[in-house]
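Structure record follows, encoded as structure tokens.
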Amino acid sequence: MRRHVLYPMMAAIIVLILCATIIIGERSGFFLNPAKDTESEPSDDKLIVVGISQLGSESVWRTANTESIQNALSRENGYFAIFSNARQKQDNQIKAIRSFISQRVDYIVFSPCTEDGFENVLAEARDAGIPVILMDRTVNVEDDSLYVAHVGSDMKQEGIKAGIWLEQELWKRGRNEEDINIVILKGTEGSSAEIGRSEGFHEISKNHPNWKILAEVDADFTNTKAKEEMGKLLREFSDIDEVISQNDDMTFVAVAAMRSRCITTGIDGQVIVVSFDACHEALTMVYNGTINVDIECNPMQGEYVSQIIKKLENGESVEKENSVDEVVFTKENVLESLDSRAY
Ligand code: AHR
């Protein structure tokens with residue numbers, strides 16, 4: 001072939017190859033992010049799709065729990081997470097789970113607002129072949145094959161810890177024979193956190209006829225409800241010796257309500273305060289002596305959930321019950337954890 005024909009043909013072929021490379025590169029996003037590390041960021045079709053039904057955003061603890069699961073199930077870690085906040089309404093959770101089923105997600109992670117009422121929707125998930133992992137709270141179901149695993153706290157054990165702490169404290173103060181008037185601000189009625197903590201505490205209190213439980217009220221784990229309920233309790237009873245508040249958010253308003261009536265709390269105060277969760281602000285109050293004891297409920301559950309999913313993906317078996325580590329904080333041991341507490 002003559003040179004004047006061959007050279008223009010070769011040039012045209014080179015131009016065509018270059019154009020094709022640019023088009024393919026742009027479509028794949030290579031030119032937008034040329035440094036993209038295909039090893040650490042899996043392509044969409046390799047991501048594990050997880051529907052997360054969080055029960056709400058009612059407390060500092062819940063926010064930390066949401067962050068924990070969202071960080072663990074991130075895209076960089078190989079997940080495509082669809083998040084839904086039920087705003088503490090069971091209907092919203094049921095709708096979210098049904099929507100995850102119709103989207104054919106690979107897994108459902110679910111933090112149930114209450115123990116009862118999820119049997120049917122969990123059966124629907126199982127029939128669709130979607131494994132469900134319970135996070136934080138549990139459900140009350142006859143057939144426990146409706147979920148593959150639970151990651152969370154032993155709530156009853158937390159209640160027992162509160163009771164045992166009180167036994168020892170009253171003994172130390174020489175008040176173990178005295179009548180002790182107790183009021184309990186409970187979390188959401190029917191939730192496993194409320195049921196477990198109440199049962200655990202009662203297991204110990206039943207051995208102490210001198211512990212007089214004046215009232216147990218539902219304050220829904222929220223500061224708004226707790227403010228209302230604590231106000232009523234303080235109007236009704238003038239002789240409260242101890243407040244047991246089933247989460248820190250409720251404790252903050254309970255302490256504030258007592259202070260506004262010139263009632264002192266904590267180590268040198270008139271009223272003993274027992275709290276649950278152990279978030280930073282509450283631990284600071286333990287350190288200051290305004291709260292006597294905080295029974296930790298550990299919200300950092302995301303990594304545990306991710307490990308369970310990874311095991312299931314590899315065809316390995318998983319433990320049904322996975323309890324997170326938890327500590328009882330008093331003025332004696334709180335300082336070492338205060339700085340590192342991120343929530
Ligand atoms: O289920 C865990 C409890 O729920 C935490 O104690 C509380 O703060 C949250 O709302």
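Where a number appears in this text, it was derived from the coordinates with a stated rule and is not lab data. Computed from a predicted model, the values in this text were never measured in an experiment. Neighbour counts run over all protein chains shown; Cβ positions are idealised from the backbone, glycine included.
Structural remarks
- Along each principal axis, Cα extent of the stretch 91-191, largest first, Å: 61, 22, 20
- Descending by average beta-carbon neighbour count within 10 Å, the peptides 306-318, 70-82 line up as 70-82, 306-318, the highest first.
- Highest-first packing order for the peptide set 61-69, 322-330, 294-302 is 294-302, 61-69, 322-330, based on the mean count of other beta carbon atoms within 10 Å.
- Dipole of the chain, positive direction: furthest Cα of N288, Y107, W165, with charges on the beta-carbon: Y107
- Treating each Cα of the stretch 252-309 as one equal point scatterer and applying the Debye formula with no solvent, the log10 of I(q)/I(0) at q = 0.26 Å⁻¹ comes out as -1.01.
- Principal axis extents of the Cα atoms in the stretch 240-343, from largest to smallest and rounded to whole angstrom, are 60, 25, 17.
- Translational diffusion of the stretch 175-222 was estimated from the Stokes-Einstein equation, with Rh taken as the Kirkwood radius over Cα pairs; at 10 °C and 1.306 mPa s the coefficient is 139 µm²/s.
- With coordinates expressed along the principal axes, the C-alpha atoms belonging to the chain extend over 113, 43, 34 Å, beginning with the largest.
- Residue-averaged [θ]222 nm for the chain, counting only DSSP H segments that reach four residues, each worth -39500 (n - 2.57): -13500 deg cm²/dmol
- Straight-distance crosslink candidates among lysines, where the alpha carbon sits under 23 Å from K227 and sequence neighbours closer than 8 are dropped: K89, K186, K212
- Within the stretch 112-153, the GluC sites (Glu not before Pro) that combine a DSSP coil assignment with at most 14 other C-beta atoms in a 10 angstrom radius are E142.
- GluC sites (Glu not before Pro) within the stretch 183-289, DSSP loop, no more than 15 other Cβ atoms inside 10 Å: E189
- A simple rule links phi to the HN-Hα coupling: the Karplus curve 6.51 cos²θ - 1.76 cosθ + 1.60 with θ = phi - 60°, which for the stretch 129-138 gives x, 9, x, 10, 10, 7, 10, 6, 8, 10 Hz, with x for Gly and Pro.
- Across the alpha-carbon atoms of the stretch 155-297, the computed radius of gyration and Dmax are 13.5, 36 angstrom.
- Cα-centre dipole for the chain with unit charges at Cβ (Lys and Arg positive, Asp and Glu negative), debye to 20: 1580
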